[in-house]
Every structure is written in structure tokens, then in C-alpha cells.
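Asker: Okay, here's the structure, questions in a sec.
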């Protein structure tokens, strides 16, 4: 028996386009000899639809699309994810996260998602009613268990006691021969390996093969990496689909293998691929065709430009380098060399005269007060003004270039370098920025080595260096990971050997700058805890810990 996995990239709410993608994947799998085809979670809808489901015509149009799709399916069944109504007279949430078994022009089975994640970036209990009894689908002499994403992420494998049910156990108790899972599992660093371990554990525990079809593509802040999996009944991973790209593959899950292949994964490569995919889809799905950004000669803007050139093509990326009296000649030259290396457009527009004009205009108001960070921020905001003007005039999407380390402690200027529509590397700590940049240069110089090797600086005052204000980035990032991603208290971090004054300073800076991050552009999530929809801290609060 051969099962086709259609790992496709859906657009949230674009039912006609999603139907076309699903049918294309279905037909490709049929051409490869599939007896049954499976798609990702909510493939017909796009994940996550969020509050779109509350719009009066959203679910009805989804169901119309499902009926049309069913009419296109013949004897080879298609399993597709969609949103359904919950029974109108029963208590509970109004909708179901569902899967439909389509065969010979009809909807033969409807399956409801049982476990609804409501943590981190997920909020499914806001919309969906969980399924009741898990039931087997009988087809072609097989008893098939159908689950949807979280239904297989149970505490036996992750030690996360979120649920008092185990859908896989319920299905196993009914004599299951094969387990299918439709998934929309977003990427973060380490997630593909985690999934392989989990899927292998599910297969060994249930003693049946597991087919896991994951979504691929960028939707807002989330990047879905694909990496769909097939595990045999012994828990060996017999196949993994490519990451960060649409793909169709046909596999026989009942062929056992002796051992699981070793999957080589490079952190820098995966981060780069995730950011390229996330940017490409954000631009395309929002209806833009080009982007612009400020090129400072620093590593953050250089990496952002490289990602953009890869995602969109060099002709769709435009850089502007805006030197002031404090900008070094090397920074301007590095920006121009980078632009040549990438093949992107770049102009030089000085902010010097504008900066002096703003200072002169404000001089009567600031009389008797020395220059300080105010004048530094003026420069960043003038650059933001220039970039927004370029964005408006040419209909470019403006990219912000700040990294996670700076955003965490507020080392960025609101309405200045934070201006933009998408923060490409805002979930990439500074140490990771260097790691990805060096990986990118592994075969040829893409980012000038002088950019990578020089001490980072905002260049907003004479001889300024980041380390004048911030702890060394390796130290800063280590503490930020413990405080933000692992959510440890300052006291707990100090007990791990970090200097108390540094920990307290970082903690205070993170907490004080929540208001900035609430006004920041959306950023692409690549770590387990990004600033954005998965971290919902109040701005006004008095807790210290």
C-alpha cells in the first residue's frame, strides 16, 4: 500500500488558491502511485486562521470549498484539514478543527481534533470544541487512526501533562493498523529532531506505522518547516520530506527498515532557511513585490539583506546607506561591497544636513541642556523617516534589521531603526547572527569579512561601541536565553554562576522595554520563545523576579 504525503503551503483564508494547491499535490501523488493521499492540518484553510473564523462567511465558504474539493476526488481518497461548525444547539465553542475523508465525490468521514493546544503560539480553545470519542476509519482492509497535530503530542513523550486523554491509546484500543497525523507544527530551532523522536516513540508505543504530514510556509510570525515523516512500526524513521519547501512523496509505511537514518542538521543552515521562507511568504502573501532596508555597514543589516536577496531575488531588494558625521568610511564601503556581492540596488544619502537642521530647530527648546541620547535617537529617527519615504514612494515593504538581543534590552530606537513592516531577524540572538553570517560565507564572501570581524557599533556618537553600553554578547545572550526562553528568575540565573549586577541589569532592561516591543514590527519566530504572539507580557506591571 502506498500513501502520498502532499506537504503544501496554504494561504490563510484563500480557499480557491488552497483548493488548487491541494488538487495539484493530490494529482502529483496519484501520478506517483498513491492509494491514499494525506495533507497537513487545516490545509484548506491555512494555519492559524485565528479570529477570521468568527467572520460570518468564513466557515460557510470553507465548507463550500470542501464540497467542491470532494467533487474532484475519485477512487483514491484524500484526507484534508478544514474548519467545521460545532453542533449549533450544543454548548461549547462554535467550531471544530477537522479532517475530512474524501472519496468518490463524497465526504465519507469527518474527524475532529481532540487535543486543542492553548499555550505558547497556540490558542485553539478560543475557537474550537474538542472531539469526543476517537473512532477508527475502516478502508481497504485496514483500520486507520486519524489524528490532528496535537493529538499525538502527549505527556508520555514530552512529559507535558496538559491533557487527561491520549487519542493514540484510544485508537490503539480499537485495533488500529496504521496511524495518520495531519499537522501544522511551526518551526523553532531543534524542532525537527524533536518531532522525529516523538513520532518514533508514538510508532513504537502503538506498534503501528505512523504517517505525519506537516505544513510548510510562512504565515505571519510563524514559519512551518515541513519535514513530514514516515515511521515504521518499530519506530524507525523511514523517510523525511525536505524542509522549508513544498514536496510530494509516496511511501509504503508497512515496509520495515533496520535502523533510522542519521539526519544531519546544521543550526545556522536551518535558521537561514526558515528566515528566507518566512520573509518570502510574508512579502508574497501580503501582496508586496519588493523590499527596502537601511544598510549601516553592520552585521545585522547585512544578514537581513542577504536573506532578502535569497528570498526575493536581488532585483527586488533595495538598500539605502545613510551616513552621518559619526559613520566611518569603512561602514559606507562595507555597505556598498555588500550590495555588489548580493547584486542589490543601493544608494548613499547623507543625514548630516538634516541632523544639523533638526538640532538647530530644537536648540531654543533644549537651551542649557547638553547633548545626550536624544541626539543619538534623532539620527535613528531621521534614517527611519528617509526609509519610510522610500517605502512609500516605491511601494517597498520596509524591513527592520534589529536582532533579538537588542530588542530584548531596548537597544533600539522606537520610530527610528524600529520602523518597518517586518522584523526579519528579531528572534535571532546576536551570537546566532554571527553564526549564520559565517555559515553564509562558507564558500565565498557574501557578507564582507570586515563587517563580521569589526566590533559592532550603532555609530551615533564618536568612537561608540555596543560593548560601551551592553555586556559582551555571548554573556548577554546566555542570560537572555535563561530569562526569556526558560523563564528562570534572576535569582535562579545568579545561582548558575552569573554576576548578580549583570543579571539584575539585564532583567530590568528586559522588563522596562516591554512597551517598545509591543510597538515593534512583527518578527519571524525561530526560537522556542520569541517576542510576539507566544509571549504575552503586560506592559503595566509591578512584578520583579
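Asker: Within segment 167-176, take every residue that is touching a strand residue (DSSP E or B) at 6+ places or on another chain (Cβ under 6 Å) and crowded, with 18+ Cβ neighbours inside 10 Å and give me the one that is farthest from residue 132 (Cα to Cα).
Answerer: Step one: list which residues in segment 167-176 are touching a strand residue (DSSP E or B) at 6+ places or on another chain (Cβ under 6 Å), which gives 167, 171, 175-176.
Now restrict to residues that are crowded, with 18+ Cβ neighbours inside 10 Å: 167, 171, 176.
On the way: 167: 10, 171: 12, 176: 18 Å.
Result: 176.
Asker: A further question follows. If I ask for residues that are part of a loop (DSSP other than H, G, I, E, B) and in contact with a strand residue (DSSP E or B) (Cβ under 7 Å, 6 or more places away or on another chain), which ones from segment 108-129 would you list? So that I can check it myself, show each step before the final result.
Answerer: Step one: filter segment 108-129 for residues part of a loop (DSSP other than H, G, I, E, B), giving 113-123, 127, 129.
Of everything in segment 108-129, those that are part of a loop (DSSP other than H, G, I, E, B) and in contact with a strand residue (DSSP E or B) (Cβ under 7 Å, 6 or more places away or on another chain) turn out to be 113, 116, 121, 127, 129.
Asker: Here is a follow-up. Return the residue satisfying two criteria in turn: it lies in segment 136-151 and is at pLDDT below 95 and closer than 20 Å to residue 42 by Cβ, and of such residues it is surrounded by the most Cβ atoms within 10 Å (Cβ to Cβ).
Answerer: Within segment 136-151, the match that is surrounded by the most Cβ atoms within 10 Å (Cβ to Cβ) is 151.
Asker: Within segment 392-403, how many residues are more than 15 Å from residue 292 (Cα to Cα) and touching a strand residue (DSSP E or B) at 6+ places or on another chain (Cβ under 8 Å)?
Answerer: Residues of segment 392-403 that are more than 15 Å from residue 292 (Cα to Cα), as a first pass: 403.
Right, trim to touching a strand residue (DSSP E or B) at 6+ places or on another chain (Cβ under 8 Å) and you get none.
Number of matching residues: 0.
Asker: Based on this model, can you work out whether residue 96 counts as part of a helix (DSSP H, G or I) and either in the same structural domain as residue 183 (by TED's automatic domain parsing) or within 25 Å of the chain's Cα centre (by Cα) (or both)? Step through it out loud before you land on a result.
Answerer: Values: part of a helix (DSSP H, G or I): no; either in the same structural domain as residue 183 (by TED's automatic domain parsing) or within 25 Å of the chain's Cα centre (by Cα) (or both): yes.
No, not satisfied.
Asker: Next up: Restricting the search to segment 169-181, which residues are touching a helix residue (DSSP H, G or I) at 6+ places or on another chain (Cβ under 7 Å) and either within 30 Å of residue 523 (Cβ to Cβ) or assigned to a strand (DSSP E or B) (or both)?
Answerer: Listed by number, the residues that qualify are 179, 181.
The rows are residues; the columns are (1) over 18 Å from residue 447 (Cβ atoms); (2) out of contact with any helix residue (DSSP H, G or I) (no Cβ under 6 Å at 6 or more places or on another chain).
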site	(1), (2)
268	no, no
271	no, no
275	no, no
278	yes, yes
285	yes, yes
291	no, no
298	no, yes
315	yes, yes
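Asker: Does at least one position in segment 267-276 carry a residue that is without any contact (Cβ under 8 Å) to a residue 60 or more places away in the chain and either within 30 Å of residue 305 (Cβ to Cβ) or outside any loop (DSSP other than H, G, I, E, B) (or both)? Full working, then the answer.
Answerer: Quick first cut of segment 267-276, residues without any contact (Cβ under 8 Å) to a residue 60 or more places away in the chain only: 273, 276.
Now drop any that are not either within 30 Å of residue 305 (Cβ to Cβ) or outside any loop (DSSP other than H, G, I, E, B) (or both), which leaves 273, 276.
Yes, that holds for at least one residue.
Asker: Sticking with this one: Tell me, please, whether a residue that is within 20 Å of residue 185 (Cβ to Cβ) and surrounded by fewer than 16 Cβ atoms within 10 Å (Cβ to Cβ) can be found in segment 50-60.
Answerer: yes
Asker: Separate question: Can you name every residue in segment 364-391 that is in contact with a strand residue (DSSP E or B) (Cβ under 7 Å, 6 or more places away or on another chain), surrounded by fewer than 20 Cβ atoms within 10 Å (Cβ to Cβ) and within 30 Å of residue 435 (Cβ to Cβ)?
Answerer: Of everything in segment 364-391, nothing turns out to be in contact with a strand residue (DSSP E or B) (Cβ under 7 Å, 6 or more places away or on another chain), surrounded by fewer than 20 Cβ atoms within 10 Å (Cβ to Cβ) and within 30 Å of residue 435 (Cβ to Cβ).
Asker: Looking only at segment 247-298, how many residues end up being more than 23 Å from the chain's Cα centre (by Cα) and over 30 Å from residue 322 (Cβ atoms)?
Answerer: 14
Asker: Also: Residues to consider are 320, 338; find the one that is modelled with pLDDT of 95 or more and part of a helix (DSSP H, G or I). First the steps, then the outcome.
Answerer: Values: 320 fails: part of a helix (DSSP H, G or I).
That would be 338, the only listed residue that is modelled with pLDDT of 95 or more and part of a helix (DSSP H, G or I).
Asker: Answer yes or no: is there a residue in segment 487-502 that is touching a helix residue (DSSP H, G or I) at 6+ places or on another chain (Cβ under 9 Å) and touching a residue at least 60 places away in the same chain (Cβ under 8 Å).
Answerer: No, segment 487-502 contains no residue that is touching a helix residue (DSSP H, G or I) at 6+ places or on another chain (Cβ under 9 Å) and touching a residue at least 60 places away in the same chain (Cβ under 8 Å).
Asker: So residue 36 fits all but one of (1) touching a helix residue (DSSP H, G or I) at 6+ places or on another chain (Cβ under 8 Å); (2) surrounded by fewer than 24 Cβ atoms within 10 Å (Cβ to Cβ); what number is the exception?
Answerer: (1)
Asker: Among (1) at pLDDT 95 or above; (2) surrounded by 14 or more Cβ atoms within 10 Å (Cβ to Cβ); (3) assigned by TED's automatic domain parsing to the domain that holds residue 409, where does residue 524 come up short?
Answerer: Tallying (1) at pLDDT 95 or above; (2) surrounded by 14 or more Cβ atoms within 10 Å (Cβ to Cβ); (3) assigned by TED's automatic domain parsing to the domain that holds residue 409, residue 524 fails exactly one: (3).
Asker: Something else: Is it the case that residue 44 is in a loop (DSSP other than H, G, I, E, B), touching a strand residue (DSSP E or B) at 6+ places or on another chain (Cβ under 9 Å) and either closer than 14 Å to residue 98 by Cα or at pLDDT 95 or above (or both)? Let's see the steps before the verdict.
Answerer: On the way: in a loop (DSSP other than H, G, I, E, B): yes; touching a strand residue (DSSP E or B) at 6+ places or on another chain (Cβ under 9 Å): yes; either closer than 14 Å to residue 98 by Cα or at pLDDT 95 or above (or both): yes.
Taking the combined requirement at face value, the residue satisfies it.
The values are calculated or read from the model by the stated rules, or taken from the named source; none is laboratory data. Note that the coordinates shown come from a computational prediction; the quantities given were computed from them, not determined experimentally. Here Cβ is always computed from backbone atoms with ideal geometry, including for glycine, and neighbour counts include all displayed protein chains.
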